[in-house]
1. Is region 38-52 home to any residue that is over 18 Å from the mean Cα position of the chain (by Cα), at pLDDT 95 or above and part of a helix (DSSP H, G or I)?
2. Report, ordered by the first and then the second residue, all pairs with beta carbons closer than 9 Å, sequence separation of six or more or different chains, a first member in region 131-142 that is within 22 Å of PRO119 (Cα to Cα), and a second member that is among the small types (Gly, Ala, Ser) and surrounded by fewer than 17 Cβ atoms within 10 Å (Cβ to Cβ).
3. Give me the pairs, please: first residue somewhere in region 189-215 and farther than 24 Å from GLY70 by Cα, second residue anywhere and outside any loop (DSSP other than H, G, I, E, B), beta-carbon distance under 7 Å, and either six or more positions apart or on two chains.
4. For region 84-117, which positions are in contact with a Leu (Cβ under 9 Å, 6 or more places away or on another chain) and assigned to a loop (DSSP other than H, G, I, E, B)?
5. Suppose we keep only residues that are exposed (fewer than 14 other Cβ atoms within 10 Å of the Cβ) and not acidic (Asp, Glu) within region 158-181. Which one would you say is nearest to ASP82 (Cα to Cα)?
6. Can you name every residue in region 202-239 that is part of a loop (DSSP other than H, G, I, E, B) and more than 28 Å from the chain's Cα centre (by Cα)?
7. Are any residues in region 60-83 crowded, with 18+ Cβ neighbours inside 10 Å, in a loop (DSSP other than H, G, I, E, B) and among the hydrophobic types (A, V, I, L, M, F, W, C), and if so, which ones?
8. Restricting attention to region 73-87, does a residue exist that is modelled with pLDDT of 95 or more and over 24 Å from ARG267 (Cβ atoms)?
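The values are calculated or read from the model by the stated rules, or taken from the named source; none is laboratory data. Keep in mind that this is a model prediction, so the values were computed, not measured. Positions of Cβ are backbone-derived with ideal geometry, glycine not excepted, and every protein chain shown enters the neighbour counts.
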Amino acid sequence: MKRMLGLAVLLSAGLLVADDQEKLPDPVSPDFNTPRPIPAVDSVFLKDLTWMEVRDTMRAGTKNVIVATGGIEQNGPYLIADKHNVVLRGTTEAIARKLGNTLVAPIIPFVPEGDINPPTVHMNYPSTISVSEETYERLVTDICESLRSHGFEHIILIGDSGDNQVGLKAVAERLNTQNDPDRGHVHYIAEYYNFPDVAKYLEDHGVNQTPEGLHDDFGMTAMMMAVDPQSVRMDQRMAAGKFHINGVNLAPAQNTIEWGKRLIEFRADVAVEAIKKSMATQKK
């Protein structure tokens with residue numbers, strides 16, 4: 001009798017364990033409507049958010065997402081290969097916050113940088129990573145389609161390098177010709193790639209450069225310093241007496257950082273104006 005009672009207790013405990021296991025959420029397919037257990041963080045970068053935070057910000061009205069492409073390339077002796085992606089960390093956040101209801105997808109670092117074999121353009125130099133135009137456009141397309149599937153209504157394409165532009169325009173035109181009203185519209189914002197305007201802005205404000213033949217200039221260096229001073233090898237250049245570019249002294253560093261912030265704001269304002277115009281045109 002005692003053995004039967006003990007067996008019954010064990011069986012009962014086993015059933016309770018089984019019941020508890022059945023109540024556990026599926027880690028791969030959790031209930032979409034599960035409440036968020038902790039407060040959300042204040043970030044516009046999708047990669048820094050949890051899926052619940054993205055879900056809730058979309059429910060609160062966020063329907064725009066920026067897809068930005070940068071590059072991994074040689075940039076002279078002082079700037080890291082991640083140059084364009086560093087700048088985009090600053091400009092995309094500024095654009096998203098100025099536009100409102102906007103997130104930033106992970107910045108795409110891999111873009112066409114020249115032929116791979118035999119190497120051409122930037123691919124002649126170590127640190128560069130290139131992809132074919134076909135690979136680039138397929139990657140951008142799949143990212144846009146992923147975001148459209150999640151319900152984003154406006155996918156905003158910007159590129160920080162010249163070789164990025166043709167592919168972004170082609171992807172936007174191709175996806176928008178699908179004429180599916182339930183899929184988000186893709187906006188290619190050519191106005192963001194405005195380095196001649198940046199150079200003129202600097203000249204108008206008294207910054208005159210004498211080119212040194214480097215893949216570098218004061219505006220790019222300043223924007224990078226506003227995001228990460230070490231991305232321009234600030235400490236090493238100071239120690240070597242090389243803390244200048246194109247005849248412009250980068251010291252004191254805080255002054256150059258302030259220039260970088262102004263340029264980021266300038267580029268963000270131009271982009272936001274173009275985005276709003278594109279959205280208004282698309283609604284007509």
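1. yes
2. GLU133/ALA170; GLU137/ALA170
3. VAL207/PHE218; VAL207/VAL248; GLN209/PHE218; GLN209/VAL248
4. Answer for region 84-117, where residues must be in contact with a Leu (Cβ under 9 Å, 6 or more places away or on another chain) and assigned to a loop (DSSP other than H, G, I, E, B): ALA105, PRO106, ILE107, PHE110.
5. GLY162
6. HIS205, GLY206, VAL207, ASN208, GLN209, THR210, PRO211, GLU212, GLY213
7. LEU79, ALA81
8. Yes: region 73-87 contains one or more residues that are modelled with pLDDT of 95 or more and over 24 Å from ARG267 (Cβ atoms).
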